[in-house]
Amino acid sequence: MIRMDCPHILVHEYVCGGGWPAPDLPAGLAAEGLAMLRAVLSDLEAWGRARVTTTLDTRLHADLAAHRLVPLEPARHEATLKALALECDAALVIAPESGGTLARLARQLESLGVPLLGAGSGAVSAAADKWQCYQLCRENAIPTPDTRLVTRQDAVERSLGLDLPWVVKPRDGVAAEGVGLVDGPASLSRSPALARNGSGECLLQAYVPGVHASVSLLTNGRESLALSLNEQRIEAGAAFAYRGGRIPLHHPLEERAMALACRAVDLIPGLRGYVGVDLVMTPDECYLVDVNPRITTSYVGLRRVVDLNLAAAIWDCCRAGRLPDGVTLTGTVAFDKDGTLG
């Protein structure tokens, strides 16, 4: 039976929390993951209504605001995570969608009957599939860049009729990971982003120049509430790079961007909790690019300017189906990819 008055919550960030199987942790992803983990744990501590268990990779050292901190090595990741989850009333998981990682973790917890403070595995899989999201947007008249599903072998052939330049991106990538810009068929064949995808499918997308933005929102699975429009600092080139962002972003199409983000999220059954929607904004249109079914780096900045406790709001919308009546943002905050505030 779930204890609503003082729940025991497992918070697990995959990269810095003991899930990364390679001998060396990726420094950038680990720093980004640790920043999100710290932010969520700090909000739960401030909420004061939950007991919190979290994990930390044995290769890292950090002071974290949790009642129980479990050192975890990758070889014991799955077994330990299952055991910890069974001791808790709910679990909040942060992990990359790429390679099906987040969906796999959600599925494992669902199989144990542990409630998720976030999207279900089916919703994660649907949102993480950028081709599926593209088709969903087109079917529902949500503006999105013209996109083709290609392989390394047929990319040039399938690019016919697609406006130049092009963006190459993985079908299930995260942020700017594996994304690159090419200016035509000749450079396409030499694209590092295309080569990185090997023989698998990836997306070839018409590049839309504009302001890179995201919408942070909460959803209870029935309706959504947009919290903020955020500027994203993304360097476009042969290899895109995400550098951080600024909250809030003021733009003439701010209300339209938020409405489109909520529409897209409401079209994917099973999305719950904190969701980030990436867009490109031009002077006269908003183009939806990605739906991220999890806490994103923007959480680190948003919690500094919003008038509510985000972790408590996630609990309310996932466990009680309750969304805030509204939110107010005060001030402006800039942040780097690793969570450093500017």
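Simple spin-label model, 7 Å along Cα-to-Cβ: Leu267 to Leu164 in nm?
The modelled label-to-label distance comes out at 3.1 nm.
Rounded if a/c is under 1.5, else prolate if a/b is larger than b/c, else oblate: which is region 146-206, with a ≥ b ≥ c the root eigenvalues of its Cα gyration tensor?
It is rounded, given that a/c, with a ≥ b ≥ c, falls under 1.5.
Taking R0 as 25 Å, what's the FRET efficiency between Arg104 and Gln153 from their Cβ-Cβ distance, rounded to 0.05? Could the numbers behind the result be given before it?
Details: r = 28 Å, r/R0 = 1.13.
Rounded to the nearest 0.05, the efficiency is 0.30.
How far is helix 310-319 tilted off the main Cα axis of the chain, in degrees rounded to 10, range 0 to 90?
With both axes taken from Cα atoms, the answer is about 90 degrees.
Return the single residue from Leu102, Leu112, Leu188 with maximal mean-square fluctuation; model: Gaussian network over the chain, springs between Cα atoms under 10 Å.
Leu112
Over all distinct alpha-carbon pairs, what is the Kirkwood Rh of region 193-257 in angstrom? Don't jump to the answer; show the numbers that get you there.
Values: mean 1/r = 0.0693 Å⁻¹.
Computed over Cα pairs of region 193-257, the Kirkwood hydrodynamic radius comes out at 14.4 Å.
Tell me the mean residue ellipticity at 222 nm calculated for the chain from its helices only (DSSP H runs of n ≥ 4, each -39500 (n - 2.57), averaged over every residue, nearest 500).
Details: 11 runs with 101 residues, N = 342.
Mean residue ellipticity at 222 nm (helix-derived): -8500 deg cm²/dmol.
For q values of 0.09, 0.13 Å⁻¹, compute log₁₀ I(q)/I(0) with the Debye formula on a Cα-only model of the chain, without solvent.
At q = 0.09, 0.13 Å⁻¹ the computed log10 ratios are -0.46, -0.97.
From the square roots a ≥ b ≥ c of the eigenvalues of the alpha-carbon gyration tensor of region 1-138, which class results: rounded (a/c under 1.5), prolate (a/b over b/c), or oblate?
Values: a/c = 1.61, a/b = 1.19, b/c = 1.35.
Oblate, because a/c is 1.5 or more while a/b does not exceed b/c.
Return the FRET efficiency for the residue pair Thr330, Ala195: r is the Cβ-Cβ distance, R0 is 35 Å, and the value is rounded to the nearest 0.05. Before the final figure, lay out each step's value.
Values: r = 46 Å, r/R0 = 1.31.
Working from the Cβ atoms, E equals 0.15.
So what is the diffusion coefficient of region 184-342 in µm² per second by Stokes-Einstein at 37 °C and 0.692 mPa s, using a Kirkwood Rh over Cα pairs? Walk me through the numbers before you get to the answer.
Numbers: Rh = 16.7 Å.
Stokes-Einstein gives a translational diffusion coefficient of 196 µm²/s.
What net charge is computed for the residues neighbouring Arg76, neighbours being all others with C-beta under 13 Å from the C-beta of Arg76, Lys and Arg scored +1, Asp and Glu -1?
Values: positive: Lys82; negative: Asp57, Glu73, Glu78.
Cβ neighbours under 13 Å give a net charge of -2.
Running a GNM on the chain with Cα contacts under 10 Å, which residue among Arg190, Arg148, Arg294 ends up with the highest mean-square fluctuation?
Ranking Arg190, Arg148, Arg294 by mean-square fluctuation puts Arg190 first.
What ranking do 220-233, 115-128, 88-101 get when scored by the average of other Cβ atoms within 10 Å per residue, highest first? The partial results should precede the final answer.
On the way: 220-233: 19.9, 115-128: 23.6, 88-101: 21.6.
Those peptides, ordered most packed to least, come out 115-128, 88-101, 220-233.
Return the lysines within reach of Lys130: Cα separation strictly under 26 angstrom, same-chain partners fewer than 8 residues apart disregarded; answer none if there are no such residues.
Leaving aside lysines fewer than 8 places away in the same chain, those within reach of Lys130 are Lys169, Lys337.
Which whole-number percent gives the relative contact order of the chain, counting Cα pairs below 8 Å spaced six or more residues apart? Don't skip to the answer; put the middle values down first.
Details: 769 pairs, mean separation 59.2, N = 342.
Computed value for the chain: 17 percent relative contact order.
What is the packing order of peptides 79-85, 168-174, 40-46, taking the mean over residues of other C-beta atoms within 10 Å and listing the highest first?
On the way: 79-85: 17.1, 168-174: 23.0, 40-46: 19.4.
Packing proxy ranking, top to bottom: 168-174, 40-46, 79-85.
Sort out for me the Cα centre separation of region 117-152 from region 167-216, rounded to whole Å.
15
For region 50-99, what's the relative contact order in percent, using C-alpha pairs closer than 8 Å and at least 6 residues apart? Don't skip to the end; give the middle numbers.
Details: 33 pairs, mean separation 14.9, N = 50.
Value for region 50-99: 30 percent.
Can you tell me how much longer the chain between Arg246 and Asp284 gets when fully stretched, taken as 0.36 nm per residue apart minus their C-alpha distance, in nm with one decimal? Display every interim value, and only then the final one.
Values: separation 38, 0.36 × 38 = 13.68 nm, distance 2.14 nm.
Gain in length upon complete extension: 11.5 nm.
Among Gln205, Gln135, Gln108, determine the one that fluctuates most according to a GNM of the chain built with springs between C-alpha atoms less than 10 Å apart.
Gln135
Express the relative contact order of region 6-136 as a whole percentage, based on alpha carbon pairs under 8 Å and six or more residues apart in sequence.
Working: 203 pairs, mean separation 34.9, N = 131.
Contact order relative to length: 27 percent.
Taken together, the values in this text are just the output of simple stated rules run on the coordinates, not laboratory data. Since we're looking at a predicted model, the values are computed, not measured. Methodologically, a virtual Cβ is constructed for each residue, glycine included, from the backbone with ideal geometry; neighbour enumeration extends over all protein chains shown.
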